[in-house]
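The values are calculated or read from the model by the stated rules, or taken from the named source; none is laboratory data. Since this is a predicted model, take the numbers as computed values, not measurements. A quick note on method: Cβ atoms are made from the backbone with ideal geometry, for glycine too, and the neighbour counts reach across all protein chains shown. With ligands, DNA and RNA removed, areas are computed over all heavy atoms of the protein, side chains included. Shrake-Rupley method; radii C 1.70, N 1.55, O 1.52, S 1.80 Å.
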Amino acid sequence: ASIAVYLKHGESRLDAQRAILSTIEVARRHADNSPVGSFNFDVAVTIVEGCMDDEPYPINYLRNVAHLEARRQHLRFHSSFDKLGVFLIDVDFRPSANLHEVLHSSSAADSILKQRRVIVCSAFESCVDCNTMSLASLKECVQKGQAEGFHLSHFPQGHSPTRFSKFWNESLRCEDNNVEEYWRRSYKVQYEKFFEPYIIMASSEVPLYDERFQGYGLNKVSHLAAVARQKGGEFFVLPRVFLVATVHERSESWSNIYGSQSDETKFNQLVLKGLYKNFTMRLEDGEEPVVSENTREKQYSLFSQERINKQKEKTSQSDQFPIHENLHHVTTSLPIISA
């Protein structure tokens, strides 16, 4: 996992490091007690320090930081990104117990890395802190009214294209623990405006996040619009696996946009609307997302390193036997979202 942590201006870096290490240790102990085990537990954390008081939360910059670090770590052990997939997810979600196994299967490698599909992991939201890790427990929570598709009550455009009724139908038809059947029953959905699912796709095809989006609002929506344009609007929903987040209090960033009817929040809404309009116009014109020089340089450096690695590999293979690499490796990118 690759995680980007934002440290506000004036906050103690040492305290943050201690808190992060403590959290990672708890997660590692949890992994020890899971079917996956801590053998597959690997976390890269990048701390991003704020420069001034009251600056907007740099959400899309953090997402780029996390993904580029995942790529950098991958190149430490592999020559290229050809066999790297990433799961783009917010850190406050909990995955279903079977997700790791499903994403590290041969069918996952075929769908994500060979067919280059964009896979949707259905997201749910729970009003209680229930330990929902199996499909049966999730269904029970939904039937009790304790959980529903993510944000369906107040922003249905974000996840309703997942077609949750279809998700349940296909999930319940699948045989338990038959991972290959899960992939066979994955179903296609078409992109709709403001659709913002949590996705798995080939790392080399992930567009950069537009870093002009800061704080709350349309930051992930804009990125999924770019993914959809690149992929012809096709997404594939995988049954029987899911994510669940517990409802939490609104963030300060949300309050700055939608927290009141003040002139300031109305102005912020207009600014966001104008930014998204400009983003969509640039996207239609085929222009790249707007990012910092730091982000652009990191991406250029990584792709340059990949080209060098491939050239070295090609040269060395001319006098050696072919190298067989693992086709099932999927790295996870987990940028942190502040509550």
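Let's see how each residue does on (1) closer than 16 Å to residue 241 by Cβ; (2) within 19 Å of the chain's Cα centre (by Cα); (3) at pLDDT 95 or above; (4) not polar (S, T, N, Q):
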{"position": "39", "(1), (2), (3), (4)": "no, no, no, yes"}
{"position": "51", "(1), (2), (3), (4)": "no, no, no, yes"}
{"position": "55", "(1), (2), (3), (4)": "no, no, no, yes"}
{"position": "60", "(1), (2), (3), (4)": "no, yes, yes, no"}
{"position": "64", "(1), (2), (3), (4)": "no, yes, yes, no"}
{"position": "83", "(1), (2), (3), (4)": "no, yes, no, yes"}
{"position": "95", "(1), (2), (3), (4)": "yes, yes, no, yes"}
{"position": "98", "(1), (2), (3), (4)": "yes, yes, no, no"}
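Screening the candidates 70, 109 for the property of being within 30 Å of residue 315 (Cα to Cα), in contact with a His (Cβ under 6 Å, 6 or more places away or on another chain) and at pLDDT 90 or above yields one hit, 109. Please verify whether residue 42 is open to solvent by 10 Å² or more (accessible area, probe 1.4 Å), on the phi > 0 side of the Ramachandran plot and not basic (Lys, Arg), treating the condition exactly as stated. Judged against the criteria, residue 42 is not a match. Within the range 212-259, the residues that satisfy the criterion of being hydroxyl-bearing (Ser, Thr, Tyr), part of a helix (DSSP H, G or I) and more than 17 Å from residue 198 (Cβ to Cβ) are 253, 255, 258. Taking the range 225-242 as the range and being farther than 23 Å from residue 212 by Cβ and either modelled with pLDDT under 95 or open to solvent by 50 Å² or more (accessible area, probe 1.4 Å) (or both) as the test, the residues that pass are 232, 234. Close contacts from the range 185-204, counting a first residue that is farther than 28 Å from residue 74 by Cβ and touching a residue at least 60 places away in the same chain (Cβ under 8 Å) and a second that is open to solvent by 10 Å² or more (accessible area, probe 1.4 Å) and not polar (S, T, N, Q), with Cβ to Cβ under 7 Å and a gap of 6+ residues or different chains, come to 189/163.
Within the range 33-52, does at least one residue satisfy the condition of being touching an Asp or Glu at 6+ places or on another chain (Cβ under 6 Å), among the β-branched types (Val, Ile, Thr) and within 24 Å of residue 203 (Cβ to Cβ)? Checking the range 33-52: at least one residue is touching an Asp or Glu at 6+ places or on another chain (Cβ under 6 Å), among the β-branched types (Val, Ile, Thr) and within 24 Å of residue 203 (Cβ to Cβ). A count restricted to the range 131-153 and to residues that are part of a loop (DSSP other than H, G, I, E, B) and not aliphatic (A, V, I, L, M) stands at 9. Scanning the range 113-158 for residues that are closer than 30 Å to residue 81 by Cα and of a type outside the set (Val, Ile, Thr) yields a total of 9. Residues of the range 243-268 that are farther than 22 Å from residue 152 by Cα and either open to solvent by 100 Å² or more (accessible area, probe 1.4 Å) or in contact with a Ser or Thr (Cβ under 6 Å, 6 or more places away or on another chain) (or both): 261, 263, 264, 267.
Looking at the structure I just gave you, is residue 198 modelled with pLDDT of 95 or more, in contact with a strand residue (DSSP E or B) (Cβ under 9 Å, 6 or more places away or on another chain), crowded, with 16+ Cβ neighbours inside 10 Å and among the hydroxyl-bearing types (Ser, Thr, Tyr)?
Judged against the criteria, residue 198 is a match.
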